Amino acid sequence: MTAIRHLVSIDDLSLAEIRELFEQADRFASDPRGSSQLCAGMIVASLFYEPSTRTRLSFESAMLRLGGGVISAAEMTSSSAVKGESLADTIRVVGGAYADVIVLRHPSEGSARLAAEYSQVPVINGGDGSHEHPTQTLCDLYNLHVERGRIEGLDVVLAGDLKYSRTVHSFAYALARFGANIVCVPQHGFEMPPYVIQRLREEFGVEPVRADVRRLGSLAAESDAVYLTPQKPHQLSLFTDAKGWEVQSVDAVYMTRPQTERYESEEGVGGGYLRLEKGSMAAESLRDAIVMHPLPRRDEISSEIDSDPRSIYFKQAARGVPIRMAILARLTGHVEHPQAAPPLPRHYEVAIGENPCPNPSCVSHTEQRHVQAKFKLTSRSPLRAHCAYCSRQLSFRLVGCSSTRNYHAPDSTMLRKVRPDHLVFFADEAQAAALGFKPVGSARGLGSP
Ligand code: NCD
């Protein structure tokens with residue numbers, strides 16, 4: 001039996017597979033009614049714990065166009081979630097006999113990864129908190145491919161709320177892998193989160209440099225812009241001066257709305273939010289730039305530029321159907337997929353001690369009953385690890401070995417010999433001592449107050 005393929009992160013697909021999905025989507029787009037028997041008898045379940053218009057309806061439309069059926073819990077307040085049912089139990093039932101594929105949207109980061117662990121059918125992440133939204137990214141990449149004919153080497157501006165927009169995070173990972181350059185133009189206070197930048201650097205070899213965005217005109221007037229590029233630092237240093245890398249001409253502007261539903265109580269966009277207007281699109285550097293938005297929009301794109309031929313956001317949403325048809329046909333095994341999948345990431349369980357994930361919105365905290373904290377090792381020396389669910393860097397000051405019951409400072413070379421599945425993470429000495437661990441080397445006296 002072949003293993004079930006899930007789509008939890010955009011990293012679950014190789015670049016060759018993504019290109020194959022584009023080709024398949026092109027075929028579906030050119031004849032949307034021509035494959036009405038392809039998925040006959042299949043059922044997609046939409047489980048939406050957060051509002052959605054495009055993601056849910058385009059998936060449902062895609063499955064209906066492929067001849068399958070749809071069951072939908074779009075309003076999870078009318079489901080057993082309000083009776084206190086865990087996500088894991090809901091998935092066990094729906095991903096058992098009820099459906100052949102599940103599309104899940106949930107406010108907890110890492111929820112789709114958890115669902116995949118409990119489901120007997122493919123799980124598609126329709127957005128997990130502010131973490132990832134891989135199918136929106138496929139739609140966005142497909143739009144670049146159709147409009148620009150390539151993704152490699154493009155200069156793409158990501159603008160607005162880069163902190164909480166999950167569409168931006170997945171899109172940035174994919175753009176980096178394709179070798180595109182990213183110009184981050186954040187709303188002040190809503191910059192790209194450090195954990196996303198770190199992952200772009202460590203996993204995709206991206207170099208962040210200051211960006212000189214004077215040529216972008218009013219779009220970037222008050223922004224702390226950053227240029228994220230797969231080019232090597234020595235190449236960049238030939239061209240960057242104190243003001244940073246000068247952004248010349250842009251291929252696409254990807255605008256996002258303020259994700260106010262995720263703001264902490266003290267957060268807000270006090271002085272007003274970035275806005276794309278007729279005037280802002282007049283800058284020479286934006287002359288050929290297409291304007292994209294995952295939608296819904298609020299005021300961040302003025303309706304006066306809806307009729308500008310560069311504005312493609314409604315076409316972009318329409319293309320969500322053929323690309324989601326391609327995703328469904330692929331994950332349900334109805335089209336050939338000769339390209340190899342990327343290797344699955346190695347995840348290890350945190351067997352002992354407190355959950356070291358610092359993110360309160362992570363599913364490892366919100367669904368404690370059913371989740372064993374897991375991590376991915378990103379560096380051996382100094383030891384660094386990321387939560388396998390929400391991708392945040394784990395927070396710890398001391399690291400133990402469950403077999404020797406010794407603990408060390410994270411930069412100790414002795415940790416290189418510890419098997420990853422034996423690693424235990426401690427916030428301080430007291431936690432380590434309470435579990436019977438003893439300090440070794442420079443860890444002696446390290447964690448004491
Ligand atoms: C996005 C989302 O839900 O993250 N919407 C979508 O799926 N098209 C963007 C947003 O809500 O701002």
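Computed from the Kirkwood radius of its Cα pairs, the Stokes-Einstein diffusion coefficient for segment 16-90 at 4 °C and 1.567 mPa s stands at 92 µm²/s. Between Ala97 and Ala341, the distance separating the two model label sites (each 7 Å from Cα on the Cα→Cβ line) works out to 2.7 nm.
Ranked from largest, the principal axis spans of the Cα set of segment 348-443 equal 36, 27, 19 Å.
By the Cβ distance rule (another cysteine Cβ under 4.7 Å), the unpaired cysteines of the chain are Cys39, Cys139, Cys184, Cys401. For Lys438, the solvent-accessible surface with a 1.4 Å probe is about 130 Å², rounded to the nearest 10. Where both residues lie in segment 348-443, what percent of DSSP beta bridges are antiparallel, nearest 5? Restricted to segment 348-443, the bridges split so that about 90 percent are antiparallel. Global dimensions of the chain from alpha-carbon coordinates: Rg and Dmax equal 22.9, 70 Å. Note on Glu304 and Ser79: with the Förster distance fixed at 35 Å, the Cβ-Cβ geometry gives a FRET efficiency of about 0.25.
Could you check what % of the DSSP bridge pairs in the chain are antiparallel, to the nearest 5? Spell out each step's value before the answer.
On the way: 23 of 58 bridges.
If I count the DSSP bridges inside the chain, around 40 percent turn out antiparallel.
A DSSP coil position with no more than 14 other Cβ atoms inside 10 Å describes the following GluC sites (Glu not before Pro) in segment 1-107: Glu75, Glu85.
Just round it to a whole percent: the fraction of Cα-Cα distances in segment 135-314 exceeding 23 Å. So the portion of pairs separated by more than 23 Å is 36 percent. Take every pair of alpha-carbon atoms less than 8 Å apart whose residues are at least six positions apart; their mean separation over the length of the chain yields a relative contact order of 15 percent.
The values are calculated or read from the model by the stated rules, or taken from the named source; none is laboratory data. This one's a predicted model, so the numbers in the text were calculated from it and none came from an experiment. For neighbour counting, all protein chains shown are included, and Cβ atoms are generated from backbone atoms with ideal geometry for every residue, glycine included. The accessibility values were calculated without ligands, DNA or RNA, using every heavy atom of the protein model including side chains. Shrake-Rupley method; radii C 1.70, N 1.55, O 1.52, S 1.80 Å.
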